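Read through the structure below, which is laid out as structure tokens, and then see the notes.
Every number in this text was worked out from the coordinates using simple rules, so none of it is lab data. Fair warning: this is a prediction, and the values are worked out from it, not measured in the lab. Here the Cβ positions follow ideal geometry from the backbone for every residue, glycine too, while neighbour counts run over all protein chains shown.
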Amino acid sequence: MTESTTGTSATSNGKPKLEEAQSTADILVGFVTMSILFTIIIGVALFFLIGSIQSPSKVGLFVVLPYYTYTMFLRRDELKDGNHWHHFSQNFFVLNIFRRYLRLEIQKPIPPQVLALDSQDKAQVLLAVFPHGSNSDYRVAMDGILHEALPILAEKVRTLTASSLFRVPLAREIALWTGCVDASRKVAERQFDQGRSILVLPGGEQEQIRTQNGRELVYVDKRKGFIKLALRKNVPVVPVYVFGASDLYHTSNAAFGLRLALVKNLGVAIPLTAGKCGFPLCPVNVKTTIVFGTPIEMKCKEPGKPTDEEVQAKHKEFVMALEKLFDDNKTALGYGDRKLDIM
Ligand SMILES: *[C@@H]1O[C@H](CO)[C@@H](O)[C@H](O)[C@H]1NC(C)=O
């Protein structure tokens, strides 16, 4: 692979710099590799599903049953401490290819207040990342570079992930190895109680289903749980905005009402998306930049017991900080013509 050449940091007309120079080899290798990876994941899931219907005595008994017995009864890593495999997250060649394809990077300089946290062995943090995007696949690639930017914190970060993902074979393993645990309150509290930090995409499926290519939208007004958790545990919250995440897929609004009802009632998100060249299984190679804000202190009067007013006030402070983070950085990153939609 050849080194990609970096273009200028912003275009004059404020349009996202989608066309920034990137080597054709990186694009091609990325496209092929990501498509193969997603195809394998879907293939394995279909093999589990169709195999256990068509041949319960073989696939069902000897593959599906042992897998779920082991993962869902014997291990249950996602409900405990996860199974973060740092070497995989940082070095697995597919993730490296994915990072090159997205030109994924953490914007430098990282705010000194965040770096100061990283220099303390016992520091904890809650990284609140927006937006979720059509498919938070960039998150898998992000974990590895977090280690470069914040080596001490990243060693102990767990990402909260929807329970359903842990039931999909292979997706489960990739999630666990890149630091995911179940997104329940009990599991989240456990991470903080054991001295770890948390990364969460508070917008979740609501934000996912609302993602529109070309629009920056965050679903945060009703998401106060992460603020309450941070207040209870007295852990600072760092707003993080990922430029590019909204544009990784072409999106459609078809049957939005029905799909929203599915999210609300069943917790199932069905994004209607197309990626590179219209192919659904590989994102478009939009440059993706992770921008850190400054930590917001989460202290309450009575330690561990935030009042509703305190939660409201801190939530408001967070949303304002997130909007400022977006506005202060959008022009330099080529998103000057966009406005952050907060709902
Ligand atoms: C990005 O936003 C933060 C928070 O508002 C600000 O402190 C920082 O200077 C911005 N970065 C750039 C490169 O403008």
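Observations
- Computed over Cα pairs, the Kirkwood radius of the chain leads via Stokes-Einstein (1.567 mPa s, 4 °C) to a diffusion coefficient of 62 µm² per second.
- Mean separation of Cα contacts under 8 Å, 6 or more apart, over the residue count of the chain: relative contact order %: 23
- Computed from backbone phi with θ = phi - 60° and the Karplus coefficients 6.51, -1.76 and 1.60, the 3J(HN,Hα) list for the stretch 231-246 is 5, 4, 9, 6, 10, x, 9, 10, x, 10, 10, 10, 6, x, 4, 6 Hz; x is used for glycine and proline.
- GNM result for the chain, Cα springs below 10 Å: residue of S197, S89, S55 fluctuating most strongly: S55
- Over 31 Å between alpha carbons, listed pairs K108/K156; K80/K324; K80/K287; K80/K228; K186/K330; K108/K224: K80/K324; K80/K287; K186/K330
- Karplus-derived 3J(HN,Hα), 6.51/-1.76/1.60, for each residue of the stretch 159-173, Hz, glycine and proline x: 9, 7, 9, 4, 4, 4, 5, 6, 9, 8, x, 6, 4, 4, 5
- Most to least packed among 231-239, 210-218, 132-140, 107-115 [average Cβ atoms within 10 Å]: 132-140, 231-239, 210-218, 107-115
- When each of the peptides 292-300, 335-343 is scored by the mean number of other C-beta atoms lying within 10 Å of its residues, the order from highest to lowest reads 292-300, 335-343.
- Residue among L266, L46, L229 with the largest mean-square fluctuation in a Gaussian network model of the chain, springs linking Cα atoms under 10 Å: L266
- Value of [θ]222 nm, deg cm²/dmol, for the chain, DSSP H segments ≥ 4, -39500 (n - 2.57) each, nearest 500: -12500 deg cm²/dmol
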